[in-house]
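To start, the structure itself, in structure tokens.
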Amino acid sequence: MSDTDLETDLTEDVATAPETAAESESLDKDNRLKPEFVRAVKEALAEDDFGRVYDLVEPLHPADIADLFELVDEGERAPLGRAISDLMGAEVIAELNDWVRETIVEALPADVVAEIAGELDTDDAVAMLEDLDEEDQQAVLAEMEPEDRAAIESALAYPEESAGRLMSRDFVAVHETMTVGGLIDFLRDHRELPTEFWEVFIVDPMHRPVGTCSLSWILRTPRNIPLYDVMARDQTLIPVGMDQEEVALRFQKYALISAAVVDEAGRLIGQVTVDDIVHIIQEEAGEDALLLSGAGDGDINEPILLTVRARLTWLVVNLATAMLASSVVGGFQGAIAHFALLAVLMPIVSGMGGNAGTQTLAVAVRAIATNQLTDSNTVRMILREFRIAIANGTTLGLLIGTGTWLIFGNPLLGAVIGSAMVINNLVAGLAGILVPVLLDRFRVDPAVSSAVFVTTATDCMGFFSFLGLAVLTGLA
């Protein structure tokens, strides 16, 4: 056989060699978690072929494994967990959706959960345990090592969504009298130190942070230089009780990678890192958007009953406000009966006012959430939105007034609807900025209930201004 023939046969053998399921469906990174891959996993679960499930899932990144639990049906999650129990490490648990993680953790024995929690950073372990029932939580804590248990119990004592819950107790802190060389030797000799960190905190004898040294700075500085002479004294300290949203704003404003968390006495007790902040920013942004719509958490893994309860509450409130708006219309039944065209046009006024109010409301809520809107510039913001409302209302009023005149041949009707449009846009602009500001002053989350009040104001004023002007001008 010639070399050419041999090469051809080998090429054909390779081309026609059968691929294993794992090779064909999971080793190709481009196919990870695509419908075909998920379908293959579900089919293997249905056939109780746990070996094939393991082969399919094993090459995946922990974050992809966590996502896979969300993609399979709820009844398939427990079998999937049993099939890949060896892969269910701390990294996978930390990446799971909150609702999915709670379901899986509750199904695991307390000693297994305790072992996983011991491998996690403190903040991730707290996130895993904080939603468990008190009885399950205590059972897991009882199985943990005393040191890990003490750290988690201390974190759970802080309010939810505070820096105390968010912080990690794994950090590196040394005294200000140490030299750069001494610090390098310290980092090399102590293997129990965190495996990943970006800066070292410098503390005084009272364990209060006085500065920081980044690792790049440490590596580029001569060994004999005292840390006190080279540390960065300007640092952002996070009070342990600070709300996580405020912590995220500080990271965003000052471009932080990590920050020290201090207790009431100013002592260093933990750190917050930027990877935690990324999750917080994402959660808070999504939470505000969903609260504005009254959709609850908006998590597709949330139990249906909780979702129905969250949405139905605000739908009932909206129903009540709709009845209020309809009562305004009911007061003008005679005018509408006399001039039926009013019933055709009045939804335009209220609808456009609602849209304008929603625009202003979205801007105001975001400005409050990001500290752009404060006591020092509230009046300026109100005047700004007032001018915007006048400009938009006048433009829309001219357009709808002219259009109504041309379509229906009634200049008085055009003037009435144009004037009502201007009035309702002014109300929408003022309500859109004043309602969230007032709610924030009374310590009520403006993202939760502002939309109801703004919509009520624009609906009622839209109907009242249009129908009232129609009656005053003798149009109806």
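Derivation of every value follows stated rules applied to the coordinates shown; laboratory data play no part. In this text, all values refer to a predicted model and were calculated from it rather than measured experimentally. Methodologically, a virtual Cβ is constructed for each residue, glycine included, from the backbone with ideal geometry; neighbour enumeration extends over all protein chains shown.
Shown for the stretch 102-208 is the translational diffusion coefficient from the Stokes-Einstein equation, using the Kirkwood radius over Cα pairs, a temperature of 4 °C and a viscosity of 1.567 mPa s: 83 µm²/s. Using the Stokes-Einstein relation with a Kirkwood hydrodynamic radius computed over Cα pairs, the translational diffusion coefficient of the chain at 25 °C and a viscosity of 0.890 mPa s comes to 88 µm²/s. Paramagnetic label reach from Y254 (point 7 Å along Cα→Cβ; backbone nitrogen cut-off under 15 Å): within the stretch 215-236, residues 232-236. Ordering of 187-194, 465-472, 240-247, 419-426 by packing is 419-426, 465-472, 240-247, 187-194, highest average first (other Cβ atoms within 10 Å, averaged per residue). From helices alone, the chain scores -21500 deg cm²/dmol at 222 nm; the rule is -39500 (n - 2.57) for each run of n ≥ 4 DSSP H residues, then divide by the residue total. Given Cα pairs under 8 Å that are at least 6 residues apart, what percent is the relative contact order of the chain? Computed value for the chain: 10 percent relative contact order.
Among T321, T122, a tally of other beta-carbon atoms within 10 Å of each Cβ gives an order, fewest to most, of T321, T122. With the convex hull drawn over the C-alpha atoms of the stretch 148-244, the volume per residue is 113 Å³. Counted by neighbouring Cβ atoms within 10 Å, the residues D67, D229, D276 run from fewest to most as D229, D67, D276. By the count of other C-beta atoms within 10 Å, a proxy for reagent exposure, S350, S449 are ordered fewest to most as S449, S350. Over all distinct Cα-Cα pairs of the stretch 115-157, the Kirkwood formula returns a hydrodynamic radius of 10.0 Å.
Taking the alpha carbon gyration tensor of the stretch 304-472, multiplying each eigenvalue by 5 and rooting it gives semi-axes of 31, 21, 11 Å, largest first.
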